[in-house]
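Heads up, the thing below is written out as structure tokens.
All of the numbers you see were taken from the coordinates with simple rules; none came from a lab. Keep in mind that this is a model prediction, so the values were computed, not measured. Here the Cβ is made from the backbone with ideal geometry for all residues, glycine too, and neighbour counts use every protein chain on show.
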Amino acid sequence: MGNHLRGNNGPRLRQARESGAPYVHIAVERLTPAIGAEITGVDLRAALDPPVVDELRRALAEYSVIFLRDQDITPQQHLAFGRLWGALHVHPAAPHVPGLPELMVIRADQDSPRANGEGWHSDVSCDPQPPMGSILHLTQCPPNGGDTLFASMVAAYDALSERLKTYLDGMRAVHDGEHVYRGMYANMGVADKPAYPRAEHPVVRTHPVTGRKALYVNRGFTTHLLDVPRDESAGLLAYLFEHMENPLWQVRFRWRTHSIAFWDNRCVQHCAMWDYWPQTRMGHRVTIRGDIPV
Ligand code: SIN
């Protein structure tokens, strides 16, 4: 194989960092070197013992997104699981289950003009305090398709050259919800708000639990870098967006009814595949409030 056909990313990919401590209350199967683990031995219909929650917390920190199967939970059990991690976030635009503002509706069917989360993004990064994590439970899946891709922004950051890391150090970017959310949920009967959130965040953020650095710009919300000319911002963001989407640091999750994905928005981007039209895919998302990125 000629050099031009070989990628140059292999040596730059660092494995997700494991603590090395064994899991004794849950079973954890790592899915890729960079990101993702499937968890078994947990039943979210029952109250979870604190040691189980501690191990789930550790698994999320180690693998950035965790998956659980066969969790036939009620909306209340879903909300209760979310509250174990912190106060819940109310989405600034998306529809929710009537009477349950913290339970966001995820649905696409034959009448949908679009599906939620089709482009790479970190949830609601336009919020001044963007969500820490999101917990998606699907109650109906298409016979095939409808997978979600997750990418580790820690691995993406690690793989940058030292020169580029130095350049990005201290740089900030604007994240805007206006162009994303205005009119987005009209087909689901949701009226637009007068305004949507907009915030400035560091391009590289430090994860408050792991201390690891992660890229924190995304194609969905990030409009431009601050304090550089617009053409420099556009060129650099184009490079970063392409770099972040390298399959080397992705895991692709195939949903089944009552699967759950729990991802850490502080260090993960995701992208939902809308390849199943005219089939229906639906479920609910509970989103956990986060901190101001630093
Ligand atoms: C989202 O929360 O962005 C949607 C993800 C999905 O539907 O898989």
Looking only at segment 177-192, which residues have a backbone nitrogen under 15 Å from a spot 7 Å from the Cα of E118 in the C-beta direction?
180-188
Express in nm, to one decimal, how much length is gained between M188 and T206 on full extension, taking 0.36 nm for each residue of separation and deducting their alpha carbon distance.
2.8 nm
If a/c stays under 1.5 just call it rounded; otherwise compare a/b with b/c (prolate if a/b is bigger, oblate if not). Do that for segment 115-261, with a ≥ b ≥ c from the square roots of the Cα gyration tensor eigenvalues.
oblate
Which residues does a label at Y239 reach in segment 209-231, if reach means a backbone N under 16 Å from a point 7 Å past the Cα toward the Cβ?
215-217, 225-226, 228-231
Sparse-neighbourhood loop sites, trypsin sites (Lys or Arg not before Pro) in segment 255-284 - DSSP loop, at most 15 other Cβ within 10 angstrom:
R256
Could you give each residue of segment 206-220 its phi-based ³J(HN,Hα) in whole Hz, using Karplus coefficients 6.51, -1.76, 1.60 with θ = phi - 60°, and x for Gly or Pro?
9, 5, x, 9, 8, x, 8, 8, 9, 5, 9, 10, 8, 4, x
Determine ³J(HN,Hα), in whole Hz, for all residues of segment 36-45 in sequence, where each value follows from phi through the Karplus function 6.51 cos²θ - 1.76 cosθ + 1.60 and θ = phi - 60°; x replaces Gly and Pro.
x, 8, 9, 10, 10, x, 10, 10, 6, 7
With a 10 Å cut-off between alpha carbons and a GNM built on the chain, which of Q140, Q76, Q129 moves the most?
Q76
How large is the translational diffusion coefficient of segment 230-294 in µm² per second when you combine the Kirkwood radius over alpha carbon pairs with Stokes-Einstein at 25 °C and 0.890 mPa s?
161 µm²/s
Extension length gain for D227 and D49 (0.36 nm per residue less Cα distance), in nm, is 59.2 nm
Which of D147, D43, D72 moves most in a GNM of the chain, Cα contacts under 10 Å?
D43
Segment 219-264: Cα Rg divided by the 2.2 N^0.38 Å rule of thumb:
1.66
Checking Y23, Y216, Y185 against a Gaussian network model of the chain (alpha-carbon springs below 10 Å), the top fluctuating residue turns out to be Y23
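Quick check: from the Cα gyration tensor, does segment 18-150 come out rounded (a/c under 1.5), prolate or oblate?
Prolate shape, in that a/c is at least 1.5 and a/b is the bigger ratio.
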Using only the alpha-carbon atoms of the chain as identical scatterers, what base-10 log of I(q)/I(0) does the Debye formula give at q = 0.10, 0.14 Å⁻¹?
-0.53, -1.07
Hydropathy first: keep DSSP H helices in the chain averaging at least -1.0 on Kyte-Doolittle, then drop any whose Cα extent along the axis falls short of 15 Å, and list what survives.
50-63, 230-244
